[in-house]
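Accompanying notes for the structure given below.
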Amino acid sequence: MITRSSALLQRPDRETKPLPMQARWQTQLARAIRDPLELCRRLGLDEALHGGAEAGHALFEVRVPEAYLARIRPGDRADPLLRQVLPLGEEALPTPGYVADPLAEVEHTPAPGLIHKYAGRVLLIASPACAVNCRYCFRRHFPYEENAPSRAQWDESLEHIRRDTTIREAILSGGDPLAANDRQLAWLVERLEAIPHIRRLRLHTRLPVVIPDRIDDTLLGWLGSTRLQKVMVLHINHAHEIDEAVVAACERLKAAGVALLNQSVLLQGVNDDIETLAALSERLFEAGILPYYLHVLDPVAGAAHFDVSDAKARELVAGLREVLPGFLMPRLVREIPGETSKTPL
Ligand SMILES: *Cc1c(COP(=O)(O)O)cnc(C)c1O
Ligand code: SF4
């Protein structure tokens, strides 16, 4: 005789069909699209885009994970997410004032992989790689290979932090720090938290946005258990980047005690109108993230087509202030080489 519960257990759709499992984040990262032709084909885009895409790709390679691709509208060459990742022929045009290292970061590396420009904070390049290659990136020409430290070189950076008791906060950046594996990150964080004057750990990352499965139990294990206060600055430029998987990843981070902030870059053709910026702030808050910075574009060679003038930037922010509560207003800033903080516009 079949009891009700065993009947339930024997239902073939419950018993035999496993739920479709997402690949682990490492696999998703490894399988990211790296071919401009494939990117165009997958999105049903005009072949005319290829030539330019190849030219841009030769300068800074295409990289788009599937989870991000899924949020791009097929066939729409003006899609604001596509514009962030599709190389264009314009990238190869030299533009006066646009240079390889607009922030002169190479001059502020007291140890390999360590940038100490601002009081109380050091930035550690925890991984040379990114999960997505953003076309406007100010680090698109950064000599990552020279700044991808070995353990011995980490010791040199850690020694610099130990000696300087004015440093309160360690910022893991990159590339994208979460492109590094959890074993390495846990190793580094263990050493940082052993330095008494370090109070805060900050991560600047786009990985929870482009591959939300990165926020798995292994990551939450080391991140949730450190004594350091935790801040994560995400990098989201458009409301469409925040899907339900991103919201779920943010919930897990918050449950682990991580404060969530966002920085955006003001980009022509992506988010340079009031409605888009307002929708971004509203959507961020729905996901439990507070807007932090809205950066004007750094003049990096290959990104001139994303430029928004200072006058327009100010006008947009003034308009935004009329429609948003104060706590949803990002600070409009620029990074000026030699300054000791970001400069408000
Ligand atoms: C932006 C940045 C920081 C952090 O600045 P905050 O204003 O605290 O967000 C620290 N170091 C470097 C090199 C930076 O570019
Ligand atoms: S994720 Fe950040 S560092 Fe990496 S390419 Fe994009 S903007 Fe640059």
Where Lys and Arg each count +1 and Asp and Glu each count -1, what net charge lies around I236 among other residues with Cβ under 13 Å from its Cβ? -1
Please say if segment 184-278 is rounded, prolate or oblate, where rounded means a/c under 1.5 for a ≥ b ≥ c the square roots of the C-alpha gyration tensor eigenvalues, and otherwise the choice is prolate for a/b larger than b/c and oblate otherwise? prolate
Point-to-point label distance, A70-E193, nm (Cα→Cβ direction, 7 Å offset): 3.2
Cα shape, segment 25-92, gyration tensor, a/c 1.5 rule: oblate
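Given an 8 Å cut-off on Cα distances and at least 6 residues of separation, report the relative contact order of the chain as a percent. Please list the in-between numbers first.
Working: 613 pairs, mean separation 54.9, N = 345.
Value for the chain: 16 percent.
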Using each residue's phi in segment 34-50, evaluate 6.51 cos²θ - 1.76 cosθ + 1.60 at θ = phi - 60° and report the 3J(HN,Hα) Karplus result to the nearest Hz, with x for Gly and Pro. 10, 10, x, 5, 5, 4, 5, 5, 4, 9, x, 9, 2, 4, 4, 6, 4
Can you pull the percent of Cα pairs in segment 142-221 with separation above 16 Å? 56
For the chain, the charge dipole (Cβ of Lys, Arg +1; Cβ of Asp, Glu -1; about the Cα centre) points to a positive end, and the Cα of H50, L123, L201 closest to that extreme belongs to L201
Based on the Kirkwood radius over alpha-carbon pairs, what is the Stokes-Einstein translational diffusion coefficient of the chain at 25 °C with 0.890 mPa s viscosity, in µm²/s? 114
What 222 nm value per residue comes from the helices of the chain, counting each DSSP H run with n ≥ 4 as -39,500 (n - 2.57) and dividing by all residues, nearest 500 deg cm²/dmol? -9500 deg cm²/dmol
Taking Cα pairs under 8 Å and at least six residues apart, what relative contact order does segment 25-92 come out at, in percent? 41
Once Lys and Arg are counted +1 and Asp and Glu -1 for all other residues with Cβ under 10 Å from that of G288, the total becomes -1
Within the chain, what is the number of lysine pairs with alpha carbons under 24 Å apart, leaving out pairs fewer than eight places apart on the same chain? 5
Selection from P291, G224, F327 lying farthest towards where the dipole of the chain points positive, charges on Cβ: G224
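Quick note: the coordinates plus some simple rules give every number you see, no bench work behind them. Keep in mind it's a predicted model, so treat the numbers as computed, not measured. Every residue, glycine as well, gets a Cβ built from its backbone with ideal geometry; the counts of neighbours run over all protein chains shown.
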